[in-house]
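Presented below is the structure to which this report refers.
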Amino acid sequence: MTGILIAFLVVLVVPLFVGTWRTSFLGLSLQGFLLSWIAFRHGAHLSAELVVEVVDLVVLRAVAAPLLLRRVLTHQNAPPNNQVLAPNLFSWAMALALALVAFLAADQLVPAEGDAQLLVAVSTAALLLGLLVLATRGGHLSQMIGALRIENAIALFELGSVKHPSLGIRIGQVLVTAGSIAAYRWYLQHLAPDESLPALTDSERAPT
Amino acid sequence: MNPVFLTLAPALLAPGVGAKRVREVGPWLLLGVAAAQAALAIVVAFTAGGTDRIAGGYLTTDPTARLFLVLIDVIYLGICGYVWNRDRAAPSLHDAVSRYARFSLVFMAAANVVVLSNHLLLSWVALETTTLAAAPLILVDDLAASRRASFRYFLFSSVGLALALLGFACLARGFEADGLEPTFFLDELAKVTHATPNLWRRMGVALVLLGFGTKLGLAPMYTWLPETYDEAPPAATALLAAVQFNCALVCLLRVLQTFRGAERTLVTNELLVIGLVSMAISTVSVIATRNYKRLIAYASINHAGVIAIGLGIGKGATYGVLLYAVSNAFIKASLFLTAGKIQTHYGTKDTREVAGLIKDLPYSGVFLMVGTFALLGFPPFGSFVGELLVLSELVRAKQMIIFVAFCTLIAATFVATGRTVFPMIWGMPKRAVTWPRQTLAEAAPKAAFLVALVVMGVYMPPAVNVLFRAVAASLGGE
């Protein structure tokens with residue numbers, strides 16, 4: 001699994017430094033496919049649980065989310081550039097430092113070296129980098145990408161767990177993911193690009 | 001059939017009640033469903049057994065579930081009363097009311113599941129469902145500002161709940177690390193959490209606090225709250241501030257009830273710091289704002305801060321926290337609905353443009369006045385007793401620095417709120433206006449909320465007090 005996790009780390013980091021939304025969506029899609037690879041690497045028997053996992057990891061995360069959001073932007077003729085991370089040395093150093101912190105945290109949480117430790121390290125790095133995107137970028141597209149990256153990070157972390165929730169709960173979780181993707185698509189369609197500005201202050205909005 | 005299952009009925013009724021074909025009678029149907037829900041919640045709360053396991057153990061009717069089930073369903077009834085009145089006063093709102101009925105009924109069914117849930121992941125899925133149902137309710141006439149507020153609400157909620165989910169995953173890892181079988185059923189968790197928490201479990205509880213803290217409007221992820229409460233229509237704001245707030249609080253209480261069994265001081269410092277920082281942010285914002293809806297929203301952050309401090313200090317403060325949380329649900333519902341009425345008439349949210357309310361809109365003036373006193377923790381309201389219990393526990397625990405900071409921030413909030421709100425109520429009217437007379441039916445929902453507030457401060461009915469005490473005891477309270 002080490003190779004897949006290293007590949008996941010690469011698709012996690014590279015889109016941060018390539019400032020186009022196409023790269024970001026490609027990164028999200030690859031993350032989804034890599035999550036599926038990790039989940040099904042030992043093979044799987046046809047069952048309801050398998051169908052739910054496929055819908056979650058392949059259909060929703062790898063295909064639907066990036067494709068639906070990409071189509072909205074294509075339809076809007078959006079300019080190709082979209083920096084999910086501010087293009088300066090400080091942000092890049094911060095991203096690398098967070099990835100380092102994630103690996104150090106994994107050392108503490110999972111003392112035994114191996115795939116389990118690497119999985120915790122990569123998912124923690126994915127989470128922290130997602131939070132970094134959310135904290136540093138005001139644009140709604142960047143924030144959506146940040147939120148989706150965080151959700152993929154948590155999905156990766158959950159793949160390392162022995163116990164999985166019951167089928168009913170898993171279906172509920174998948175429906176919530178589907179609802180969230182639909183909501184993000186709606187917001188992307190209905191929020192104009194200039195609405196990514198910070199919220200108005202009291203003095204700006206009153207009196208009306 | 002167990003009557004608890006009927007609490008899920010609003011989701012099934014939503015398409016019918018919110019259908020455009022029945023929009024003429026939609027508000028009546030909505031009010032009827034809400035009244036039936038409130039009656040059912042009262043029946044369940046005061047007749048259900050101690051800690052019944054329902055639906056294969058996924059639902060429970062323990063005291064926490066029963067107390068908060070009554071609270072959210074009664075408040076929803078009041079909000080529907082307001083919606084019914086607004087529809088009668090302005091028939092042009094028929095379509096908006098139909099839309100409100102559709103989404104709010106789904107929201108309430110999911111909210112009922114949150115408070116009745118005996119399973120961490122089920123409560124998470126239900127809370128996410130309330131978020132998905134609430135996001136469209138924030139939109140007003142397709143205004144850009146409300147779209148942005150809705151997006152910000154949805155984004156912060158999703159991220160907050162994602163962190164809570166990660167927290168649950170860490171808790172499960174904690175069990176695996178101890179060689180135990182992971183479970184998400186609360187009653188099963190309570191039996192196996194006596195061992196000292198390991199690093200995974202500590203991190204899990206901290207992440208859950210951060211995640212649900214976001215839904216409560218606690219620092220550091222509170223910025224969605226003022227904008228959302230400001231831009232959403234009053235009925236949606238009241239739903240978020242009084243119902244969803246308590247759903248998120250129940251989720252947090254469940255985790256603390258379960259995982260503080262072995263170590264009472266687990267996440268105490270985190271709760272105290274987050275609580276104080278939230279109060280400080282709220283105070284500064286209350287001083288700066290000139291928008292009365294935002295002022296109430298900032299006060300909500302203050303309330304969340306007080307609740308966090310109370311939960312952090314525990315023991316004798318626990319009963320006070322519950323009293324404070326329940327009181328504030330009524331206060332916020334009443335104040336946001338009153339703010340909606342004021343905004344409808346004056347066409348502004350600027351405090352400097354509103355004056356002489358007590359003459360212009362007597363009922364709204366009285367509600368704003370009484371609500372503000374309750375908001376500031378004056379006697380004889382339940383919020384006063386709750387705040388007093390938290391403060392006395394801080395003294396008893398010798399947390400004098402926090403006590404002093406708490407009192408200073410509360411005093412500053414009091415001065416700033418009074419300076420802003422009292423001229424709105426008693427100031428000289430700036431323009432001569434004659435409004436249609438306010439009817440008693442319009443005032444009834446808010447009056448009922450204020451009566452509940454006074455009752456909790458003066459005389460707590462024994463049956464309700466039993467519930468409060470049982471929930472406080474489950475949190476390690478005295």
Applied in sequence order to segment A:141-149, the curve 6.51 cos²θ - 1.76 cosθ + 1.60 (Karplus, θ = phi - 60°) yields integer Hz couplings, x standing for Gly and Pro, of 5, 4, 5, 4, 4, x, 5, 5, 4
Long-range amide H partners of B:His119, meaning residues 5 or more apart or on another chain whose placed amide H is closer than 5 Å, are B:Leu186
Measuring from the longest principal axis of the C-alpha atoms of chain B, the long axis of helix B:462-474 (C-alpha) lies at a number of degrees, nearest 10, equal to 50 degrees
Violations at 21 Å Cα threshold for listed pairs B:Lys191/B:Lys215; B:Lys349/B:Lys430; B:Lys359/B:Lys430 -> B:Lys191/B:Lys215
For segment B:1-118, the percent of all C-alpha pairs falling in each 5 Å bin, from 0 up to the bin holding the max distance, is 2, 13, 23, 22, 16, 11, 8, 4, 2, 0
SASA check, B:Glu478, accessible area w/ 1.4 Å probe, all protein chains in place, rounded to nearest 10 Å², comes out at 130 Å²
Taking a straight Cα-to-Cα line shorter than 19 Å from B:Lys398, and setting aside same-chain lysines fewer than 8 residues away, one finds B:Lys315
The answer for the net charge of residues other than B:Asn118 whose Cβ lies under 11 angstrom from its Cβ, with Lys and Arg +1 and Asp and Glu -1, is -2
Computed over chain B: longest principal axis from alpha-carbon atoms vs helix B:245-259 long axis, angle to nearest 10 degrees, is 10 degrees
Note on chain B: C-alpha Rg/Rh, Kirkwood Rh, two decimals, gives 0.95
Per residue of B:196-204, other chain Cβ atoms within 10 Å number on average 1
Over all directions, segment B:250-301 yields a Cα convex hull whose mean projected area in nm² is 4.1 nm²
Residue-normalised 222 nm signal for chain B, counting each DSSP H run of n ≥ 4 as -39,500 (n - 2.57), nearest 500 deg cm²/dmol, is -25000 deg cm²/dmol
Residues whose built amide H sits under 5 Å from the amide H of B:Asp350, excluding neighbours closer than 5 in sequence, are A:Thr208
Tilt, helix B:362-375 to longest principal axis of chain B (alpha-carbon atoms), in degrees rounded to tens, equals 30 degrees
Taking every residue of A:104-116, the Cβ atoms of other protein chains inside 10 Å of its Cβ average out to 1
For the pair B:Leu180 and A:Val162, the simple spin-label estimate (label points 7 Å beyond Cα toward Cβ) gives in nm 1.3 nm
With label points set 7 Å from each Cα along the Cα-to-Cβ direction at A:Trp37 and B:His94, the distance between them in nm comes to 5.8 nm
Shape call for segment B:267-478, from the Cα gyration tensor axes a ≥ b ≥ c (a/c under 1.5 means rounded, otherwise prolate when a/b beats b/c, else oblate), comes out oblate
Given B:444-452, B:8-16, B:70-78, the highest-first ranking by average Cβ count within 10 Å works out to B:70-78, B:444-452, B:8-16
Expected integer from the mean partner chain Cβ neighbour count at 10 Å over B:158-165 is 5
Fraction of alpha-carbon pairs in the protein assembly as shown farther than 47 Å apart, rounded to whole percent, equals 14 percent
Most packed first (mean Cβ within 10 Å per residue), the peptides B:462-475, B:156-169, A:43-56 order as B:156-169, B:462-475, A:43-56
Once Lys and Arg are counted +1 and Asp and Glu -1 for all other residues with Cβ under 12 Å from that of B:Ile309, the total becomes -3
Length gained if B:Met400 through B:Glu24 is fully extended, taking 0.36 nm per residue and subtracting the Cα-Cα distance, is 129.5 nm
So B:Ala35 and B:Asn269, fully extended at 0.36 nm per residue minus their Cα-Cα distance, gain in nm 80.1 nm
The equivalent-ellipsoid semi-axes of segment B:374-478, taken as the square roots of five times the Cα gyration tensor eigenvalues and listed largest first in whole Å, are 34, 23, 8
Chain A, Gaussian network, Cα under 10 Å: of A:Gln143, A:Gln108, A:Gln173, the residue fluctuating most is A:Gln108
The distance between the Cα centres of segment B:323-382 and segment B:121-147, in whole Å, is 25 Å
Expected field for B:Lys430, accessible surface area in Å² at 1.4 Å probe radius, rounded to 10, holds 140 Å²
The set of residues whose placed amide H lies less than 5 Å from the amide H of A:Thr20, leaving out same-chain residues fewer than 5 positions away, is A:Asn82
Segment A:2-194, Kirkwood Rh and Cα Rg, ratio Rg/Rh at 0.97
With -39,500 (n - 2.57) per DSSP H segment of 4 or more residues and division by the full residue count of chain A, the 222 nm estimate, nearest 500 deg cm²/dmol, is -23000 deg cm²/dmol
A:Asp107 and A:Thr2 label points (each 7 Å along its Cα→Cβ direction) are spaced in nm at 1.7 nm
Taking only the alpha-carbon positions of segment B:139-262 as identical scatterers, the Debye log10 I(q)/I(0) at q = 0.15, 0.20 Å⁻¹ comes out as -0.70, -1.01
Note, B:Leu335: beta-carbon cut-off 11 Å, +1 each Lys/Arg, -1 each Asp/Glu, net +4
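The values are calculated or read from the model by the stated rules, or taken from the named source; none is laboratory data. All values reported here derive from a predicted model rather than from experimental measurement. All Cβ positions, glycine included, derive from the backbone under ideal geometry; neighbour counts span all protein chains shown. The area values use the complete protein model at the heavy-atom level, side chains included, leaving out ligands, DNA and RNA. Shrake-Rupley method; radii C 1.70, N 1.55, O 1.52, S 1.80 Å.
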